Amino acid sequence: MNNAMYRIILLFFLCTQIMIGQDYQMRMSGFSSMSNNSSYSEGWWDDGVQIKGSLGAPVISQSTGAGVGLTSGFWVVTQGFYTQPPTVEQFIIMDDELNVGEGVNLKAQFSDFNGILSARIYVNIGGADSVISFPMERSDSTFTAFIPDSLVKIQNFIVSAEVVDSLSYAARSTYLSAPVRFGADDPTSRVDDSAYPSGVPDEKWRLVSFPGELENGKLTSKGLSEKHIFYSRDWETNEWFVPDTLYLGEAYWFKHIYNKDIDFTPGAGVSLPLESYDMELFPGWNFIGNPFFVSVPIVLDQGDFNGPYSYGIDDKDGWSEVVSEMQPWGGYLVYNNTDTLQTIELKPTSLVEANSDTAFSLNQNRQISKLPPRVAMNSWRLRISADSENYFDHNNYIGRDFRSNEGLDRGDIYEPPMIDGHLAVGLSPEADGGYYHTTDIRSVNKTNGVWDLRILAGKKDGPVDVQFHSVKETPENIVVALVDLQSRTPYRDIMETGITIAEKSTVGYDMKMVIGEEDFVNNEIQRILDGMPTQYSLGYNYPNPFNANTRLDYSLPVRSHVSIRLYNMLGQEVAVLVNEEQPYGNRYVVWDGLNNQGSAVASGVYLAEFRAGSFLATRKMILMK
């Protein structure tokens, strides 16, 4: 009896150890068994049973019967313990201060029911694609690791820890990053990822910024003498001023005359941790800079914002198209198209953070989160670019958007502030005919429209190549055409060919974009051409002789600088009636018998001289009181 009891007890403990320590199967006629896959059967009368093992991979054996599941009890409870991944209790940087070129000590603590098998750290330098891994060393319940000196750079780093238990379940910590101090000789703008990898060009205005927090916000004088200048913008007074402090995240105009391309070594400071950075944008234009020593992606809704734009390409001056990345040391221009202060989030690297029971990964396609744009019928956008020998302007947009209206509204943004000579494409959404805007976006409720544009040059610089680019495709039934008002030439394939302005002139070059349904485009082109004078002309004043007022009619076939001056019979200038650029058309001016000083002139004969382009004409006028 005692021997039998002993054998029974021994067999019981043996079976218990086997079932706890590994997967098992129960084989019986008409039964199915599956480990690690518990289910509830249809009823107690089913002729099958299914039993879940506590560890390891599933084991399945087929049978002809249905399954009976065990859904509670000792096996289910213990299986939950074994299949849980490790928990990251702690992961910290042990050093009080980090410095470029000095190693970093890390410490972690993990817990797991199955026991910890191994742990590693993953180091990512400056948000780059590559990741470097190092094993962690264990001492009782604490794990430690060391980031070598060579990996602690001015670009900063992010690091995470991964832990694996004895059953190969794994978890990874959230990432760590911290400020890293750099010395006076560490930062330089002449690096591959910089906006100026070959240096800032000589005698060129450029927008620059300074990554990292400089000591006291000051730029050291190392390498620079008096042959340079910084400018910032006072947006309240719209005036330029020389700043005495350089602020993180701001951009400044810079120009030098050192007869070579130069780079910046701004002095000692702190490299920001690779974490999200909130940047405030005031209503209107903002000069901003990248606060990190690595490139940062930036994608802004082009309804609430406009830009960002960079300035200058190689040796040419001008505004770029909208950029999607901010490089360190570069300056950028952004327009806040709302009435309130806005905050945008810059992410030097986008991380999928995790708690201790899920995986951690790096997103190699780093993006800034943004609201998806609303889709609307008849919504489209074109970009207009102009390039000359020394200048360019790539940031001009026309189109239709659900947030815009016909006429002047928030979608029509004024030209950005310029500090020197430039080339610009001016748009005219206002009724007064001023070409002061860089965007002219209209309502989606209309299909047909005419957009006025003018090529403006601050200096004689030609020829000018004008191209048209689709940012958001026009609907299939929409035709895009252009009328060159200076040459009276229509272009119906302007999207493919563009247009070259051969003449060098400081006079604005006027064109009209006609966009809409085909019948509208054809009719509108003809209407525009029919309404244009074919030649310069000066009519006779009426009435003549006159007592109080007289009117002079004149015609301009193209935009021209117009001068109408009055002289007495001694050849002395009496009055200037017109002295300005004017667009094509039939026009008139009225003389009220007053001179340039506002005094009435005496009765007599006066000569009106009309100049426009190379055209000259005169008319005699008789004033009788």
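The values are calculated or read from the model by the stated rules, or taken from the named source; none is laboratory data. Nothing here was measured: the structure is a model prediction, and the numbers come from that model. Here Cβ is always computed from backbone atoms with ideal geometry, including for glycine, and neighbour counts include all displayed protein chains.
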Worksheet item: Out of (1) without any contact (Cβ under 8 Å) to a residue 24 or more places away in the chain; (2) assigned to a strand (DSSP E or B), the odd one out for Asn522 is which?
Response: (2)
Worksheet item: Could you count how many residues in region 220-279 are of a type outside the set (D, E, K, R) and assigned to a strand (DSSP E or B)?
Response: 17
Response to the item:
Restricted to region 90-100 and to residues being touching a residue at least 60 places away in the same chain (Cβ under 8 Å) and of a type outside the set (A, V, I, L, M), the residue farthest from Pro187 (Cα to Cα) is Phe91
Worksheet item: Filter region 319-341 for residues that are over 15 Å from the mean Cα position of the chain (by Cα) and surrounded by fewer than 23 Cβ atoms within 10 Å (Cβ to Cβ); which is farthest from Asn124 (Cα to Cα)?
Response: Asp339
Response to the item:
Of the conditions (1) crowded, with 20+ Cβ neighbours inside 10 Å; (2) of a type outside the set (A, V, I, L, M, F, W, C); (3) closer than 22 Å to Phe293 by Cβ, the single one that Pro86 does not satisfy is (3)
Item to complete: Specify the residue that is nearest to Glu102 (Cα to Cα); the eligible residues are those in region 173-212 that are at pLDDT 90 or above and of a type in the set (D, E, K, R).
Response: Arg181
Practice prompt. Run down Arg454, Arg400 and say which single residue is of a type in the set (Lys, Arg) and under 30 Å from Ser232 (Cα atoms).
Written response: Arg454
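Residue-wise test of (1) of a type in the set (Val, Ile, Thr); (2) more than 26 Å from Gly249 (Cβ to Cβ).
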residue	(1), (2)
Asn124	no, no
Ser141	no, yes
Asp149	no, yes
Ile154	yes, no
Arg172	no, yes
Leu176	no, no
Val200	yes, no
Discussion item. Exactly one condition in (1) more than 18 Å from Leu623 (Cβ to Cβ); (2) surrounded by 19 or more Cβ atoms within 10 Å (Cβ to Cβ); (3) touching a Ser or Thr at 6+ places or on another chain (Cβ under 6 Å) is false for Asn541; which is it?
Written reply: (1)
